[in-house]
Amino acid sequence: MEEDEKKRILIIEDEKHISEGLKLNLSLKGYEVFVAGDGIAGLQQWKDMSPDLIILDIMLPGIDGLSILQSIRLEDEKIPILILSAKNKSIDKIKGLECGVDDYLGKPFELEEFLLRVKRLLKRTSWNNQQEIKKEQKSNYYFGDNNIDFAKNIAYCKAGTINLTEQESRVLKLFISNKGTPLHRKKLLEIGWGYAKGTTSRTIDNFIVRFRKYFEDNPKKPKYFKSRRAVGYIFDHE
């Protein structure tokens, strides 16, 4: 268990008796365990501590678990994530898989099964080299005459060569991963910014103005970044 003793696990769970029980049992197995009681704190701890595994509830205060999952996947496709939720119908599991979860366990659950799933998921952290190769192969995204190099955060587009900010790159990934699906402003804030302090729907509008300037032939008649009345925005292309 020497390797397991070095593994860091983040539990994002608002029910204290569950998080304390999980922390105790995982600690007894030699893992280093951290707990966040809401979605916003969970995202911050993920950024601060770089865990090897995340155990995630869906129904959370602040930001729901699926939004947390999507937010993390914009930056890290490798970290194993296990959803542990009372929402355990097939449709709930399908939504989790669509958002990028690695495993899904419904509440209530058997402790031994949970611990075995944790152990299996942690083996993924040794696959980094192969995953990096795949990531490099998929670093460019093309639409129209535009090319976004996410490895370098550079866009080659109508406006020329644009050095994208980290946040611009993050929001573009969010739109691309939801191609053809309208994104509500609330979801854009939750997933793209994690409800960062000072972020408003006006911030989103400003990003769209910039994207249209970068990528559209006619920003006033956008083909790719379109508005949806009373909803938000949609990214699409043939």
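The values are calculated or read from the model by the stated rules, or taken from the named source; none is laboratory data. Only a predicted model underlies this, so the values are computations on that prediction, with no experimental measurement involved. Heads up, the Cβs are rebuilt from the backbone with ideal geometry, glycines too, and the neighbour counts pull from every protein chain shown.
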Legend entry - Among the candidates I18, I63, I72, residue that is in the same structural domain as E112 (by TED's automatic domain parsing) and either among the aromatic types (F, W, Y) or closer than 20 Å to F114 by Cα (or both): I18
Inset, instruction - Within segment 62-98, track down each residue that is more than 13 Å from the chain's Cα centre (by Cα), more than 19 Å from L121 (Cα to Cα) and in contact (Cβ under 8 Å) with a residue 40 or more places away in the chain. - result: G62
Inset, instruction - Determine if segment 208-220 includes at least one residue that is in a strand (DSSP E or B), of a type outside the set (A, V, I, L, M, F, W, C) and free of Cβ contacts under 8 Å to residues at least 24 places away in the same chain. - result: no
Legend entry - K186 modelled with pLDDT of 90 or more and either touching an Asp or Glu at 6+ places or on another chain (Cβ under 9 Å) or under 27 Å from G100 (Cβ atoms) (or both): no
Legend entry - Residues of segment 77-86 that turn out to be at pLDDT 90 or above and not aliphatic (A, V, I, L, M), as a count: 2
Inset, instruction - Could you please let me know if R8 is buried (at least 18 other Cβ atoms within 10 Å of the Cβ), modelled with pLDDT of 90 or more and among the charged types (D, E, K, R)? - result: no
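Rundown of residues vs (1) at pLDDT 95 or above; (2) touching a helix residue (DSSP H, G or I) at 6+ places or on another chain (Cβ under 6 Å); (3) over 18 Å from F143 (Cα atoms), yes/no style:
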residue: S177; (1), (2), (3): no, no, no
residue: G198; (1), (2), (3): no, no, yes
residue: I204; (1), (2), (3): no, yes, yes
residue: E216; (1), (2), (3): yes, no, no
residue: A230; (1), (2), (3): no, no, yes
Legend entry - When residues of segment 40-61 are limited to those that are aliphatic (A, V, I, L, M) and part of a loop (DSSP other than H, G, I, E, B), the one nearest to R124 (Cα to Cα): I58
